[in-house]
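Heads up, the thing below is written out as structure tokens.
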Amino acid sequence: MPDDALGRPYGVPARRAPVLPNGVLGMLIFVATEIMFFSGLISAFVIGKSNAVGGWPPPGQPRLPVEETALNTAALLASGVALYFANRAFKKSSPNTKRLLLLAIGLGGFFVLFQGAEWVALIREGLTLTSGQLGGFFYLLVGSHALHVVAGFIILLYTYRRLSEGNLDRFTFWPAQIFWYFVVGVWPVLYWQVYL
Amino acid sequence: MRLTRLCASALLLWAAWAADLAYACPSCASPLEENRQAFVDTTIFLTLVPLMMMGGFIWWVRRRIRAMDEAPEIPVPESLLRDAGRFSKGG
């Protein structure tokens, strides 16, 4: 078979591998919009906080559970770490992948449940969406994040199902990880701004 | 053509100037120093975040392309080189 000037055989198109998979690019663009969404919310909260008459948190409002949420924050961060190690195990086709992914999902589920319990307690104490600026901002910021955690939790469950069926590929696993790392990464910022 | 460009530039400059006078945000004219500072801080933050994201992405893609260029070329598998039949170019 004759070769071209570069020594490549004719008839075989010289295709370049994509810089990054489509799924990863799509998820990165989505996460970028999400970062802007949360940045806008945090900015509004910071301005609202600085504008509050009588200091922050406003007097007469229930206190937010700082210590309990610190534990919950640790659980979510640990979930991110477990997912990181699950990816490392996945690259080596190690049987530990399943266990580590399940641990990440379990810790994410714990975070959601714990936060749900926290919300029930706060509502009982009188902190609602309409009780004041603190309640409004709290449920908007933390609620938006909670929705993302639930979405990420469902995505991780889907990847676990694919892994159990033996047809999980890195093009599915990477975007799921990007989303979960975003969910994990944005939480400490929210905790620092809202709770501390 | 030159006049149109000049008018468009003047209009753009005027729009930029007018936005400064509008005080659309209640925080801009707030008497509270802390509130004005928070407004300035968040404006800087919201300006820098997208720039940093785009800059970071471009930097990462450039690095990845360079790494791919430097990587040794993968040889074409034999299965692709064999005669594809009637319509094969090689035949």
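With each label modelled as a point 7 angstrom along the Cα→C-beta vector, the A:Phe37-A:Val112 pair spans 1.6 nm.
Placing a label point 7 Å from the Cα of A:Arg63 along the Cα-to-Cβ direction, the residues of segment A:179-196 whose backbone N falls under 19 Å from that point are A:191-196. Spacing of the modelled spin labels on A:Ser94 and A:Leu77, each 7 Å from Cα toward Cβ, amounts to 2.3 nm. Given the C-alpha atoms of chain A, compute the convex hull and give its volume per residue in Å³. Considering the Cα atoms of chain A, their hull volume per residue is 149 Å³.
Looking at segment A:103-196, none of the trypsin sites (Lys or Arg not before Pro) sits in a DSSP loop with at most 10 other Cβ atoms within 10 Å of its own Cβ. Using the Cα coordinates of segment A:22-126, the gyration tensor eigenvalues translate into equivalent-ellipsoid semi-axes of 35, 21, 10 Å, sorted from longest to shortest.
Whole Å is fine, so just give me how far the alpha carbon centre of segment A:45-115 lies from that of segment A:125-196. Cα centroid to Cα centroid, the span is 8 Å.
Values in this text are rule-based calculations from the coordinates and carry no lab data. On a predicted model such as this, the values are computed, not experimentally measured, just so you know. A quick note on method: Cβ atoms are made from the backbone with ideal geometry, for glycine too, and the neighbour counts reach across all protein chains shown.
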